[in-house]
Amino acid sequence: MRSLGCCQLSVVSCQLFTMNETYDYAAIERKWQERWAQAREFEVQEESDRPKYYVLEMFLYPSGALHIGHVRNYTLGDSIARFKRMQGFNVLHPIGWDAFGLPAENAAIQHNIPPERWTLDNIEIMKKQCLRMGWSYDWNREITTCLPEYYRWNQWFFLQMFKQGLAYRRKGTVNWCEQCQTVLANEQVENGLCWRDKSVVVEKELDQWCFRITQYNEQLLQDLDQLEGWPEKVKSMQRNWIGKSVGARVTFPLADDPGLGLDIFTTRLDTIYGATFVVLAPEHEWVKGWMDDPEHGEELSRFVEEIRRQGRDVRTAEETEKKGVFTGRYAINPFTQERIPLWIANFVLMEYGTGAIMAVPAHDQRDFAFAEKYDLDIRLVIQSEDHSLNSDLDHAFVEYGVLVNSGPFSGLSSQEAQKKMAQHAQREGFGEASVSYRLRDWSISRQRYWGTPIPMVYCQKCGVVPVSEEDLPVMLPQVESIQLGQSPLATIPEFLNTRCPQCQGKARRETDTMDTFVDSSWYFYRYTDNLIDSSPVRDEAVRYWLPVDIYIGGVEHAILHLIYMRFFTKVMRDLGLVRFDEPVQGLFTQGMVLKGGMKMSKSRGNVVSPDTVVEGHGADALRLFVQFAAPADRELEWSEQGLEGCSRFLNRIWRMLYRLREEMSQDGSADSISQEELSERGRALRRKLHQTIGKLTHDLERFRQNTAIAAIMELLNSVYEYVDQEDHPQPALLEEVLKTMALLLSPFAPHFAEEMWESLGQKERLTFAPWPQFDPELAREEGIKIVIQVNGKVRSRFSALPGISKEEMETLALEDEKTKAFIEGKPIRKVIVVPQKLVNIVV
């Protein structure tokens, strides 16, 4: 490296502290973490003179230790929070603990300790890890959902929903996890398995408390169009889960008792003349009454028990064998007046539609396979437009077409027939046009201890009675141990036995607790004021901070948490707590971290401990790696070599900084240097600097942290090239570049950047230093290279000024001496000009 050359120096000596030649990441990171804490650097209040920006990552479950997936997620959010602060925003960046749930209860059972102790101990450990990573959280706003000051408001929301008819109790078939010994919502069952422990889910009938999310079906669907900052993949998943279907509802009378009607929803009313049997869900209430039938009851009972042990996803999976049993009963097709058999089958679910379908085997492939298996009638009623179909079908014809064998509706197109048949059904009183949704009401009852107690009591005189708001919270009693298979709440007399809020007579408390997704459906509101005790939220704070500007988390939450939080916001709007429809403007779903091509897990033995990495390389090197190694929305493969590369990058900056500092300590701080005073290489370095500023500003707005960091690495290479090749490197220019580099590094490696900034004599705290200003003139190339091709092959190049016209490019290309040798004597067919890049001459 050349010695830094002489320059005109300011007469004021720069006050510089002693700088070690070796980059001591442990000491530097500890130093800045302590300073940030002492200065309460990241605490914020509502301010009218600055625009707000709310950065939110999905809050932490206190499992006991952070993993690399956590590090990637929270580092990503932190880089955005730091970037936005430097852009002048008043940034809210909070954190908290999703502290209730099954893992804590299961750990308590395994280790014979109270779940509260296990949870709070884990929070203490993980908070230290968060601080060690240098994440810029406002810890003053920390929330913990297992504490009464938080779950009190879960209970308050429940009571408001109960008053509005949005919380209700029903008996119904539920998803039951034998391993967890609790109910699961439909969204928590994945391919017939528990979402948490992957054990088989069965069906069970229980009394359940539910939230009437279906009252907001259409709003949840339509408001997705407002969410321009959400990934289309997530919005599509939500649309599919809400599952709006437009069709008709038709009543099929029971043949033996015409006073009883079976409601069926169909999206293909045009095919009803081909309905040759009806299929009920095994859970249908009629089926229970038929199990005593001497002829068919035994077979029905056996089949229902078999299906009860199949998960919903398994039952409806395309590859699952379709099985059924004839009930011995018949229904009347209201259009044809024909008696058609009633079956039950594994592929019909009670919670979808009405729990019954009309089967049209000629025009539905699933029904076709079922009819062939059980030798049921297959009747063609939709003809293709080319009239190529006949009654001897080898597969179902599922397209729209022209009606045949359909009485007065024959000859109509499918679309026209659907309208006229719905009108006919309405006139005759057995049906009407209708809309159906796949989304079902949210079952929130859980037969576990470690959750929010449901604030209801049961009185022999008054019935089911809500707890008075003045008596909230209903405290979760402390227990020393828990046994698998039962909630201890039912065995604690001082909890179970209470007084009726209405008559003051003896009553017993509800012993179910709430689904923990209730906790996470509104926690981000509580961050805006976590101390208010008169309401779940403070109006002024919510109006200032919400909606969330960017929410970061895994795509696996698309149809669980992200639908529930949207539902809660609409309920809060209707309660007058908020004034908007959607809680989150922008959503970013980060990719997971893999090792050896597989997700990290203890069972695979491929877990990497962040503590070990931080001890060996520093938090900043780890932060850089998880943001640099892959695009933020893609999977990231763990690489020790990649981590070491990020560590080497920081050390390269340190060496350059140390060299400049040595010069500055001898001669003082350099004055700024004008563009005219710079050499050609100096101008090129300043140009690279402003190109890097422009790229980082652009990339960070788009979550392209990996390419932003790559641009800083390229800038550092340019610094070394300048110092190595320039006869007299200008310390003033190098100081300018390194100061700017400290600003650019701050979102990614904040401890290192703070130390770098301070070592260059800066008094202002880097957290709030303004983001560098991009100067397009300084970033403009002094000359551009234009490629000349002949018939697509590169033959020459020439230099030109930026902004050169297409006509000038063509003229210069044709006059180029090297090019003339390839086109001389040949007719030119055409000239293709790509502005500012190339000229292709076709001969």
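The values are calculated or read from the model by the stated rules, or taken from the named source; none is laboratory data. As the structure is a prediction and not an experimental result, all values here were calculated from the model. Neighbour counts are summed over all protein chains in view; Cβ atoms, including those assigned to glycine, are modelled from backbone coordinates with ideal geometry. Calculation scope for accessible area: heavy atoms of the full protein, side chains included, ligands and nucleic acids excluded. Shrake-Rupley method; radii C 1.70, N 1.55, O 1.52, S 1.80 Å.
Quick notes
- The range 399-479, relative contact order in percent, only Cα pairs under 8 angstrom and at least six apart counted: 13 percent
- Share of carbon and sulfur in the accessible heavy-atom surface of the range 496-618 [1.4 Å probe, %]: 47 percent
- Selection from 653, 616, 601, by position along the positive dipole direction of the range 571-685 (Cβ): 601
- Cα-based Rg of the range 118-266 normalised by 2.2 N^0.38 Å, two decimals: 1.48
- Solvent-accessible surface ranking, highest first, for 436, 534 at 1.4 angstrom: 534, 436
- Trypsin sites (Lys or Arg not before Pro) restricted to the range 588-640 and DSSP loop, no more than 15 other C-beta within 10 Å: 602, 604, 634
- Burial order of peptide ranges 42-49, 142-149 (average beta-carbon count within 10 Å, highest first): 142-149, 42-49
- Kirkwood-type hydrodynamic radius, the chain: 32.2 Å, calculated from all non-identical alpha-carbon pairs.
- Computed E for residue 232/residue 140 - FRET, C-beta separation, R0 51 angstrom, nearest 0.05: 0.90
- Assuming charge only on the beta carbon of Lys and Arg (+1) and of Asp and Glu (-1), the dipole of the range 84-226 about its Cα centre is about 360 debye to the nearest 20.
- Charge dipole magnitude, Cβ of K and R +1, D and E -1 - the chain, Cα centre, debye nearest 20: 340 debye
- Relative protection proxy for 456-464, 554-562, from highest mean packing down: 554-562, 456-464 (other beta-carbon atoms within 10 angstrom).
- Simple label model, 7 Å out from Cα along Cβ direction - residue 785 to residue 824, nm: 2.6 nm
- Sequence-distant contacts, meaning Cα pairs under 8 Å at least 6 residues apart, place the relative contact order of the range 608-694 at 19 percent.
- Angle in degrees between helix 68-86 and the longest Cα principal axis of the chain, rounded to the nearest 10: 60 degrees
- Pairwise centroid distance, computed over Cα atoms, of the range 283-335 with the range 724-795, Å: 71 Å
- Partners of residue 373 within straight-line reach, counting lysines whose Cα lies under 16 Å from its Cα and excluding those fewer than 8 residues away in the same chain: 322, 323.
- For a straight C-alpha distance cut-off of 24 angstrom, the lysines reachable from residue 595 (same-chain residues fewer than eight places away being disregarded) are 198.
- Solvent-accessible surface of the chain, taken per residue with a 1.4 Å probe and all protein chains present: 44 Å².
- Ordered by 1.4 Å accessible area with all protein chains kept, 61, 564 run largest first as 61, 564.
- Charge dipole (the range 500-552, unit charges on Cβ, about Cα centre) - positive-most of 513, 552, 530: 513
- Sequence-separation-based contact order of the chain, relative, with Cα cut under 8 Å and 6+ spacing, percent: 17 percent
- Label sites at residue 200 and residue 428, each approximated as a point 7 angstrom past Cα along Cα to Cβ, lie 4.5 nm apart.
- Within the range 327-430, all pairs of alpha-carbon atoms sorted by distance into 10 Å bins from zero give the percentages 13, 40, 39, 8.
- Full extension of the chain between residue 372 and residue 807 yields a length gain of 149.4 nm, computed as 0.36 nm times the residue separation minus the alpha carbon distance.
- Legend: residues 315, 329, 249, sorted from most to least accessible area (1.4 Å probe; ligands, DNA and RNA excluded), read 249, 329, 315.
- Inter-label distance, nm, simple model (7 Å from Cα along the C-beta direction), residue 392/residue 218: 5.0 nm
- Cross-link check: pairs 695/837; 204/602; 688/739; 163/288; 204/233 evaluated at a Cα-Cα cut-off of 23 Å; pairs beyond the cut-off: 204/602; 163/288; 204/233.
- Principal axis dimensions, the range 425-548 - Cα atoms, whole angstrom, descending: 62, 46, 36
- An ellipsoid equivalent to the range 191-284, defined through the eigenvalues of its Cα gyration tensor, has semi-axes of 32, 23, 15 Å when rounded to whole angstrom and sorted largest first.
- Rounded tilt (10° steps) of 806-815 against the dominant C-alpha axis of the chain: 60 degrees
- Shown is the FRET efficiency for residue 680 and residue 710, computed with R0 = 41 Å from the Cβ-Cβ distance and rounded to the nearest 0.05: 0.95.
- Of the GluC sites (Glu not before Pro) found in the range 738-843, those in coil by DSSP whose Cβ has at most 14 other Cβ atoms within 10 Å are 764, 781, 782, 824.
- For the chain, the longest principal axis of the alpha carbon atoms and the long axis of helix 414-428 meet at an angle near 40°.
- With a Förster radius of 30 Å applied to the beta-carbon distance between residue 321 and residue 63, the computed FRET efficiency rounds to 0.15.
- The GluC sites (Glu not before Pro) of the range 272-357 that DSSP puts in a loop, and whose beta carbon has at most 10 other beta carbons within 10 Å, are 295, 318, 319, 321.
- By average C-beta atoms within 10 angstrom, highest first, the peptides 535-542, 577-584: 577-584, 535-542
- Linear extension gain, residue 573 paired with residue 291, 0.36 nm per residue minus alpha-carbon span: 96.8 nm
- Phi-derived couplings, Karplus 6.51 cos²θ - 1.76 cosθ + 1.60 at θ = phi - 60°, listed residue by residue for the range 633-648: 8, 10, 5, 10, 8, 5, 8, 4, 5, x, 5, 5, x, 5, 5, 5 Hz, with x used for Gly and Pro.
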